[in-house]
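First the structure, then my questions, so here it is.
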Amino acid sequence: MRTTIGALTESTRHTLLRIDGRVLHITLNRPQVLNALHPPAHFELAEVFDAFAGDSDLWIAVVRGAGNRSFCTGTDLKVRAEQGRDEYPPSGFAGLTRRFDLDKPVVAAVNGLALGGGLEIALACDLIVTAEHAKFGFPEPRVGLAAMGGGVHRLVRQLPDKVAMGLLLTGRQLSAQEALAYGLVNEVVPGERLDDAVQVWVEDMLACAPLALRATKQVARRNLDFPTLAAAIRGDYPAAERMLESEDAVEGPRAFAEKRAPVWRGR
């Protein structure tokens, strides 16, 4: 039987979960190690994202780190040194970086350091809103490793080549303002305003039909798998078909014609 978010909110050990209407707030809760993650946390988060994906009442997820110093500093290296290896669920670092079938929007609220796997988590999200004191980088080469959870692949797609390679081959870090200038994040705000800024983005998305958001995300992500623009446009996008057949596709134009706010049902 599928685990529900309601059940998980009472049982998670390494994450804090809070439901606010249609939004699931996920807090990486290992502040004693700057929210670095170890295998139990990865598998717990995989279960959380599985439950989020399967819950039709939840439309958006927001990921943040506990405290105000760190979003996530990647792998807990002390645990790795003890075990001699990393262990991840099939859905990747934090149960997210190799999850390619999640069409619901995910927002990263970066409240501090986003290093190594922490940056991989942020890059796997659809929007990144960050506090102005945040730092971004892949320090893995400095400890004999590489960002193989998807970070190398995503960074060279999301930044200019020389900028990406400069970060990857040195372990240097970007400031929040530099990340904004390169288009890596959506907004930079003072730390005390981070939650408010994230809420504005969330409310703007909640004003949209949830199935329209899912269709948009699926098309935007999958279209890059096709060799040409023409092939991408002719591609198969099940979420778009579901959107067009939904009650919300009828409600949107009707609400516009009646000059009222639409009431989205996600079906």
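Read phi for every residue in region 184-197 and hand back ³J(HN,Hα) as whole Hz from Karplus 6.51 cos²θ - 1.76 cosθ + 1.60, θ = phi - 60°, with x for Gly and Pro.
These are the phi-based 3J(HN,Hα) values: 7, 10, 8, 7, 10, 9, x, x, 6, 9, 4, 4, 5, 5 Hz.
Could you give the length gained on full extension between R221 and K259, defined as 0.36 nm per residue of separation minus the Cα-Cα distance, in nm? Intermediate results must be reported in sequence, preceding the final value.
Details: separation 38, 0.36 × 38 = 13.68 nm, distance 3.30 nm.
Once the chain is fully extended between R221 and K259, it gains 10.4 nm.
Taking a cut-off of 16 Å between Cα atoms, list the aspartates and glutamates near K135, but don't count ones fewer than 8 places away on the same chain.
K135 reaches E120, E178, E187.
Report, by chain and number, residues whose modeled amide H sits under 5 Å from the one on A134, excluding near sequence neighbours (fewer than 5 apart, same chain).
Distant-sequence amide H within range of A134: A176.
Follow-up. So in the chain, what percent of DSSP beta bridges are antiparallel if you round to the nearest 5? Intermediate results must be reported in sequence, preceding the final value.
Numbers: 9 of 32 bridges.
Of those bridges, close to 30 percent are antiparallel.
Give me, ordered by chain and number, the residues 5 or more places off V110 or on other chains with an amide H under 5 Å from its own placed amide H.
V129, T130, A131
When a/c reaches 1.5 or more, the comparison of a/b and b/c decides; with that in mind, is region 23-72 rounded, prolate or oblate per its Cα gyration tensor? Walk me through the numbers before you get to the answer.
Values: a/c = 4.21, a/b = 1.63, b/c = 2.59.
It is oblate, given that a/c is not under 1.5 and a/b is not larger than b/c.
Describe numerically, in nm with one decimal, the distance between label points set 7 Å from Cα along Cα→Cβ at L169 and at E241.
4.5 nm
Using Cα pairs under 8 angstrom and six or more residues apart, how large is the relative contact order of the chain, in percent?
Relative contact order comes out at 13 percent.
Please list the non-local residues whose amide H lies under 5 Å from the amide H of V62, H modeled 1.01 Å from N, same-chain partners needing a gap of 5 or more.
The answer is L24, H25, I26, V107.
Could you tell me the ratio Rg/Rh of the chain? Both radii from Cα atoms, Rh via Kirkwood. Mind dumping the intermediate values first?
On the way: Rg = 18.8 Å, Rh = 19.3 Å.
Dividing the radius of gyration by the Kirkwood radius yields 0.98.
With a 1.4 Å probe and every protein chain left in place, tell me how much accessible area Y182 has, in Å² to the nearest 10.
100 Å²
Of L229, L211, A261, which is farthest on the positive side of the dipole of the chain, counting Cα position, with +1 on Lys and Arg Cβ, -1 on Asp and Glu Cβ, and the Cα centre as origin?
So the residue furthest toward the plus end is L229.
Which one of I128, L16, V152 is farthest out on the positive end of the charge dipole of the chain, using unit charges on Cβ (Lys, Arg +1; Asp, Glu -1) and the Cα centre as origin?
Going by the Cα projections, it comes out as V152.
What are the ³J(HN,Hα) values, in whole Hz, obtained from phi via the Karplus relation 6.51 cos²θ - 1.76 cosθ + 1.60 with θ = phi - 60°, for each residue of region 150-158 in sequence order, with x given for Gly and Pro?
So the Karplus estimates, Gly and Pro as x, are x, x, 4, 4, 6, 5, 6, 8, 9 Hz.
May I pose another question? Assuming R0 = 30 Å, can you tell me the calculated FRET efficiency for the pair K78 and D196, based on Cβ-Cβ distance, to the nearest 0.05? Intermediate results must be reported in sequence, preceding the final value.
Details: r = 35 Å, r/R0 = 1.17.
So, using R0 = 30 Å, E works out to roughly 0.30.
Something else about it: What percent of all Cα-Cα pairs in region 1-130 falls in each 5 Å bin, counting up from 0?
Calculated P(r), rounded to whole percents: 2, 11, 23, 27, 21, 11, 4, 1, 0.
Follow-up. What's the magnitude of the charge dipole for region 88-153 around its Cα centre, counting Lys and Arg as +1 and Asp and Glu as -1 at the beta-carbon? Answer in Debye, nearest 20.
On the way: 5 positive and 6 negative charges, 29 e Å.
Taking the Cα centre of region 88-153 as origin, the dipole is about 140 debye.
Please give the solvent-accessible surface of H153 in Å², to the nearest 10, using a probe radius of 1.4 Å with every protein chain present.
Result for H153: roughly 100 Å² accessible.
Share of antiparallel DSSP beta bridges in region 1-86, in percent to the nearest 5?
On the way: 6 of 13 bridges.
Taking every DSSP beta bridge with both residues in region 1-86, the antiparallel ones total about 45 percent.
Taking springs between alpha-carbon atoms closer than 10 angstrom, which of L168, L45, L244 fluctuates most in the Gaussian network model of the chain?
The residue with the greatest mean-square fluctuation here is L244.
Tabulate in residue order the Karplus-calculated ³J(HN,Hα) for region 12-26, using 6.51 cos²θ - 1.76 cosθ + 1.60 with θ = phi - 60°, rounded to whole Hz; enter x for Gly and Pro.
Working through the residues one at a time gives 5, 10, 10, 9, 10, 10, 9, 9, 10, x, 8, 10, 9, 9, 10 Hz.
Sticking with this structure for a sec: Might you report the magnitude of the Cβ-based charge dipole of the chain about its Cα centre, with Lys and Arg at +1 and Asp and Glu at -1, to the nearest 20 debye? Spell out each step's value before the answer.
Values: 31 positive and 33 negative charges, 89 e Å.
So the dipole magnitude of the chain works out to roughly 420 debye.
Moving on. Quick one: ranking M148, M205 by accessible area, 1.4 Å probe, largest first, what do you get? Before the final figure, lay out each step's value.
Details: M148 115, M205 25 Å².
Heavy-atom accessible area, descending, gives M148, M205.
Using a 7 Å offset from Cα along Cα-Cβ at R85, what residues in region 29-60 end up with backbone N under 14 Å from the label point?
39
Now a separate question. Write down the percent of antiparallel bridges among all DSSP beta bridges whose residues are both part of region 94-251, to the nearest 5.
Taking every DSSP beta bridge with both residues in region 94-251, the antiparallel ones total about 25 percent.
The values are calculated or read from the model by the stated rules, or taken from the named source; none is laboratory data. Note that this is a predicted model, so its numbers are computed, not measured. We place every Cβ from the backbone using ideal geometry, glycine too, and count neighbours over all the protein chains shown. Note: areas computed on protein heavy atoms with side chains; ligands, DNA, RNA excluded. Shrake-Rupley method; radii C 1.70, N 1.55, O 1.52, S 1.80 Å.
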